Amino acid sequence: MKTKEMILVVRIGQVMYLHPDAYFEYQKRHAKLWPEMKEELKAHGAANYSIFLNEANGQLFAYLEVPNVTKYNEIANTDVCQRWWKYMAPLMDTNVDNSPVTTDLKEVFHLK
């Protein structure tokens, strides 16, 4: 009898903050996500990555799944991620390194 290998997944939820006049441009840029950024996200384990916009207040809700949070966080050290952050910085609240200001959310329910 064959056994299935169990792959653990960490679900990540975050809130980011988009400037009110940047909704269209944010969507436009993500619709044309750089191929090298997409490759880097996948190489760092990102899967099922979605971003939702609350048009009433500019909050973005990001959801993704990763097998290893430490490996995923290493994407911040890549050249393409640094360039993407710089490209997106005019549209949203950012830290001094151009990374998006984020609020990590605690998972309180998951339907299996």
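So, I75, is that one among the β-branched types (V, I, T) and in contact with a Cys (Cβ under 9 Å, 6 or more places away or on another chain) or not?
Numbers: among the β-branched types (V, I, T): yes; in contact with a Cys (Cβ under 9 Å, 6 or more places away or on another chain): yes.
Taking the combined requirement at face value, the residue satisfies it.
Given the structure, is Y63 closer than 18 Å to G13 by Cα, among the aromatic types (F, W, Y) and surrounded by 13 or more Cβ atoms within 10 Å (Cβ to Cβ)?
Details: closer than 18 Å to G13 by Cα: yes; among the aromatic types (F, W, Y): yes; surrounded by 13 or more Cβ atoms within 10 Å (Cβ to Cβ): yes.
Judged against the criteria, Y63 is a match.
Say we look at region 17-61 and pick out the residues that are over 22 Å from A76 (Cβ atoms) and among the polar types (S, T, N, Q); which of these is nearest to the chain's Cα centre (by Cα)?
The selected residue is Q27.
Out of (1) under 17 Å from S99 (Cα atoms); (2) not in a strand (DSSP E or B), the odd one out for E36 is which?
Exception for E36: condition (1).
Quick check on region 73-96: of everything there that is crowded, with 16+ Cβ neighbours inside 10 Å and in contact (Cβ under 8 Å) with a residue 60 or more places away in the chain, which residue is nearest to K42 (Cα to Cα)?
M88
Taking region 67-112 only, how many residues are assigned to a helix (DSSP H, G or I), in contact with a helix residue (DSSP H, G or I) (Cβ under 9 Å, 6 or more places away or on another chain) and among the hydroxyl-bearing types (S, T, Y)?
Residues that pass the stated criteria total 2.
Mind checking whether some residue in region 7-16 is within 14 Å of the chain's Cα centre (by Cα), exposed (fewer than 12 other Cβ atoms within 10 Å of the Cβ) and of a type in the set (K, R)? Quick ask: steps written out before the conclusion?
Narrowing region 7-16 to residues within 14 Å of the chain's Cα centre (by Cα): 10-16.
Checking which are exposed (fewer than 12 other Cβ atoms within 10 Å of the Cβ) leaves us with none.
Scanning region 7-16, I find no residue that is within 14 Å of the chain's Cα centre (by Cα), exposed (fewer than 12 other Cβ atoms within 10 Å of the Cβ) and of a type in the set (K, R), so the answer is no.
Determine whether I51 is on the phi < 0 side of the Ramachandran plot and either part of a strand (DSSP E or B) or in contact (Cβ under 8 Å) with a residue 40 or more places away in the chain (or both). Please lay out each step first, then the result.
Working: on the phi < 0 side of the Ramachandran plot: yes; either part of a strand (DSSP E or B) or in contact (Cβ under 8 Å) with a residue 40 or more places away in the chain (or both): yes.
When the stated conditions are applied, I51 passes them.
Every number here is computed from the coordinates shown, using simple stated rules; none is lab data. Note that the structure is a prediction, hence the values are computed from the model and not measured. Don't worry about glycine lacking a Cβ; one is built from the backbone with ideal geometry, like all the others, and counts go over all protein chains shown.
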